[in-house]
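Everything on this sheet refers to the single structure shown next.
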Amino acid sequence: MSDDELDPVIHAPARLRIVVTLATLPDGDNLSFTRLQELIGLTPGNLITHLRKLEDAGYVTTRKNGRGVTARTAVALTRTGRAALDTYTTVLRNLLDSASPQ
């Protein structure tokens, strides 16, 4: 992928919402899977699928703590994910600027 192409991993609407939501957190912070699901409005299965894709790309990490009813999965944006979002945003802005009438 070149620097002037939109990252297909982030470009999917649900994954873009996930990455942007996590990017609003201070560096090193995370959201619980349940809270992220509430904010994004995805089913658990759909969210898991998108998180796996983002995790495979190195953009997010998931960490499960506890067992049974006390189990909590924390989701965080990685530095790589934050950088990928910054690049994606720059490319998208450039694309939109080039389409604007001069």
With every protein chain left in place, what is the accessible area of Asp97 in Å² (1.4 Å probe, nearest 10)? 100 Å²
Hey, can you find the accessible area per residue of the range 1-79 for me, probe 1.4 Å, expressed in square angstrom? 62 Å²
To test your reading of the geometry: what angle, between 0 and 90 degrees and rounded to tens, separates the Cα axis of helix 44-56 from the longest principal axis of the chain? 60 degrees
Most fluctuating of Ala74, Ala23, Ala12 in the GNM of the chain (C-alpha, under 10 Å) is Ala12
Quick one: compute the contact order of the range 17-91, relative version, from alpha carbon pairs under 8 angstrom and 6+ residues apart, as a percent. 35 percent
Limiting things to C-alpha atoms, what are the Rg and the maximum Cα-Cα separation (Dmax) for the range 45-92, in angstroms? 13.1, 43
GNM result for the chain, Cα springs below 10 Å: residue of Leu77, Leu92, Leu31 fluctuating most strongly: Leu92
The range 1-76 - Rg over Rh from alpha carbon coordinates, Kirkwood radius: 0.99
Using alpha carbons only, how many degrees (0 to 90, rounded to 10) separate the axis of helix 79-99 from the longest principal axis of the chain? 30 degrees
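The values are calculated or read from the model by the stated rules, or taken from the named source; none is laboratory data. Quantities reported herein were computed from a predicted structural model and do not represent experimental measurements. Just so you know, the surface numbers come from the protein's heavy atoms only, side chains and all, with ligands and any DNA or RNA stripped out. Shrake-Rupley method; radii C 1.70, N 1.55, O 1.52, S 1.80 Å.
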